[in-house]
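The values are calculated or read from the model by the stated rules, or taken from the named source; none is laboratory data. The structure presented is a predicted model; accordingly, all values stated were derived computationally and were not measured. Every residue, glycine as well, gets a Cβ built from its backbone with ideal geometry; the counts of neighbours run over all protein chains shown. Just the protein is used for accessible areas: all its heavy atoms, side chains included, with ligands, DNA and RNA removed. Shrake-Rupley method; radii C 1.70, N 1.55, O 1.52, S 1.80 Å.
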Amino acid sequence: MTLLRIMPEGEPETVRVWTDDFDAIRKELLRIGVRFARWHAARRIPAGADDATVMNAYRSHIDHVRAESGYQAVDIARLVAGPAGPAGSARPGPGQPTREKLLKEHFHDEDLVRFVVSGLGCFYLHAAAQVYAVLCTAGDMLSVPSRTAHWFDAGASPSYTAIRFRGKRNGPITRLLPDGIASRFPTLDDLLPTS
């Protein structure tokens, strides 16, 4: 279930907005220049599908976004739970950053565009003196303007696969914010309801 939680940047315990309504999420994110949409695959994707199968299932969407925005590169980002080991261990896909790195507030010199294929992840957007925690699930597409401060969490036992659009073939430059506020806000695991 896709969720949006908005908190003041200096008061992470205060929740100004908490909603799972798609239209409400889309409207709130548009206020800070973030596009949010929902995509559907042209055909069923088997669990554990390889990159080529995933890309082919969403080919029409990918081609549309590339034509509209001129992205030079499209690839797959994966974060999965690691083999038996300490809690919180994650095994990133080849060339993917670790959870610890993603949990640090940073920004890029190009737009951040992600489409969640499977699993879930929370994008934390720091804009307009607030933090927008956007819990994205399969089918959600998020387009965040360049230079928007943010961080990401797929949880202590991640299961996240996304299509990633890049303006440059070698990827964007990541700039860490030395006084980032990410550590003061709830993690993905804190946001999920307990059963």
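Using Cα springs under 10 Å in a Gaussian network model of the chain, which residue among 48, 121, 70 shows the largest mean-square fluctuation? Of 48, 121, 70, the Gaussian network model singles out 48 as fluctuating most. Among the protein heavy atoms, those of residue 103 account for about 50 Å² of accessible surface (1.4 Å probe, every chain in place).
Taking all protein chains together and a 1.4 Å probe, the residues 1, 55, 7 rank 1, 55, 7 from largest to smallest accessible area. The lysines within cross-link reach of residue 168, meaning a Cα-to-Cα straight distance under 20 Å and a gap of 8 or more places when in the same chain, come to none at all. Taking 128, 182, 162 in turn, the Gaussian network model of the chain (Cα-Cα springs below 10 Å) assigns the largest fluctuation to 128. Estimated from the Cβ-Cβ distance and a Förster radius of 30 angstrom, the FRET efficiency linking residue 183 and residue 1 is about 0.70. Heavy atoms of the protein chains alone define the surface here; on that basis the chain has 51 Å² accessible area per residue at 1.4 Å probe size.
Dipole orientation for the chain: of the candidates 22, 174, 148, 174 has the Cα lying most toward the positive pole (charges on Cβ; Lys, Arg +1; Asp, Glu -1).
Once all protein chains are placed together, residue 75 keeps about 50 Å² accessible to a 1.4 angstrom probe. Rounded to the nearest 0.05, what FRET efficiency do residue 69 and residue 194 have when you use their Cβ-Cβ distance and R0 = 35 Å? Given R0 = 35 Å and the Cβ-Cβ separation, E is 0.35.
In the context of the full protein assembly, residue 28 retains an accessible surface of approximately 40 Å², using a probe radius of 1.4 Å and ignoring ligands and nucleic acids. For the chain, the fraction of 1.4 Å probe accessible surface lying on carbon and sulfur atoms is 51 percent.
Ignoring aspartates and glutamates fewer than eight residues from residue 101 along the same chain, the ones with Cα atoms less than 18 angstrom from its Cα are 109, 153, 179, 189.
Please arrange 40, 61 by accessible surface area, largest first, computed with a 1.4 Å probe and ligands excluded.
40, 61
Taking a point 7 Å from the Cα of residue 175 along the Cα-to-Cβ direction, the residues of segment 104-147 with backbone N closer than 11 Å to it are 107-110, 147. For the set 151, 39, 18, the ranking by accessible area, highest first and with no ligand, DNA or RNA atoms included, is 18, 39, 151 under a 1.4 Å probe.
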